[in-house]
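Worksheet: the structure to be examined is printed underneath.
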Amino acid sequence: MLLAVLVGFAGACLLAGQASTSSEYQVKAAFLFHFAQFVDWPPEAFKDADDPLTYCTIGEDPFGGALDQSLRGKTVGGRQLRIQHFKQPQEIRGCHILFIAAGEQRRLGAAMASVSGHPVLTVGESDHFVREGGIIGFCLQDNKIRFEINLEAAEKANLKISAKLLALAKTIIGNPRGS
């Protein structure tokens with residue numbers, strides 16, 4: 001089962017080669033779903049055992065509803081998935097995964113500050129996102145959607161990223177604790 005998920009996940013990289021903007025975000029929505037399957041949040045990230053895993057976006061929804069559609073009815077680790085769209089960084093709350101689109105570069109600092117010190121998986125698509133403190137950054141390589149991971153940022157957020165996800169990353173910044 002896990003192998004099938006990873007093969008499907010890696011295959012999403014290949015689908016993006018001919019992607020229009022709409023299908024690019026459908027692929028990114030699939031990545032966001034799979035990222036959650038390979039990240040462990042600390043118990044205090046959830047108020048109750050049945051709290052949903054919450055995905056958030058900031059600003060205009062670049063997915064055009066594709067994220068909502070992609071996640072509808074799915075679960076991760078037995079948790080229902082919820083999607084929230086915020087207009088301003090100061091509104092951000094209750095997120096487990098925060099996606100920051102490239103068009104929201106002007107809000108990047110404020111959005112990152114709003115989740116600093118909280119167990120939030122930050123995912124972005126702007127140039128150098130992971131070098132600016134984001135945890136997972138999308139990038140294009142040979143017309144394929146790939147991603148980079150900042151392990152130091154993940155550790156600061158108290159998130160554990162599976163070695164299986166790390167193996168699929170184009171670039172890993174930082175060393176895991178204890179290496």
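The values are calculated or read from the model by the stated rules, or taken from the named source; none is laboratory data. The model shown is predicted, which means the values in this text are computed figures rather than measured ones. In this analysis, Cβ positions are derived from the backbone assuming ideal geometry, glycine residues included, and neighbour counts consider all displayed protein chains. When the accessible area is computed, the model is the full protein with side chains, heavy atoms only, and any ligands, DNA or RNA have been set aside. Shrake-Rupley method; radii C 1.70, N 1.55, O 1.52, S 1.80 Å.
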Any residue at all in the range 99-117 that is buried (at least 16 other Cβ atoms within 10 Å of the Cβ), out of contact with any helix residue (DSSP H, G or I) (no Cβ under 8 Å at 6 or more places or on another chain) and part of a loop (DSSP other than H, G, I, E, B)? yes
With the first residue restricted to the range 63-83 and required to be assigned to a strand (DSSP E or B), and the second required to be of a type in the set (S, T, Y), Cβ contacts under 9 Å at 6 or more apart or on different chains are L81/T54; L81/Y55; L81/T75; R82/T54; R82/Y55; I83/T54; I83/Y55; I83/T57
If you go through E148, E104, the only one that is of a type in the set (D, E) and under 15 Å from the mean Cα position of the chain (by Cα) is E148
Give me a count of the residues in the range 135-145 that are surrounded by 16 or more Cβ atoms within 10 Å (Cβ to Cβ) and either among the hydrophobic types (A, V, I, L, M, F, W, C) or more than 10 Å from the chain's Cα centre (by Cα) (or both). 6
Collect the residues in the range 23-55 that are within 13 Å of P119 (Cα to Cα), outside any helix (DSSP H, G or I) and not hydroxyl-bearing (S, T, Y), keeping them in residue-number order. V39, D40, W41, P42, F46, K47, L53
Top-ranked residue of the range 118-134 - restricted to ones that are within 21 Å of K47 (Cβ to Cβ) and open to solvent by 20 Å² or more (accessible area, probe 1.4 Å), ranked as farthest from the chain's Cα centre (by Cα): H118
For the subset of the range 47-59 comprising residues that are within 17 Å of C95 (Cβ to Cβ) and over 15 Å from the mean Cα position of the chain (by Cα), which member is least open to solvent (accessible area, probe 1.4 Å)? G59
For the range 74-95, which residues satisfy the criterion of being surrounded by fewer than 18 Cβ atoms within 10 Å (Cβ to Cβ) and either at pLDDT below 95 or over 23 Å from P43 (Cα atoms) (or both)? G77, G78, H85, K87, Q88, Q90, E91, R93, G94
Does the range 116-139 hold any residues that are in contact with a strand residue (DSSP E or B) (Cβ under 9 Å, 6 or more places away or on another chain), of a type in the set (G, A, S) and more than 16 Å from G103 (Cα to Cα), and which are they? G133
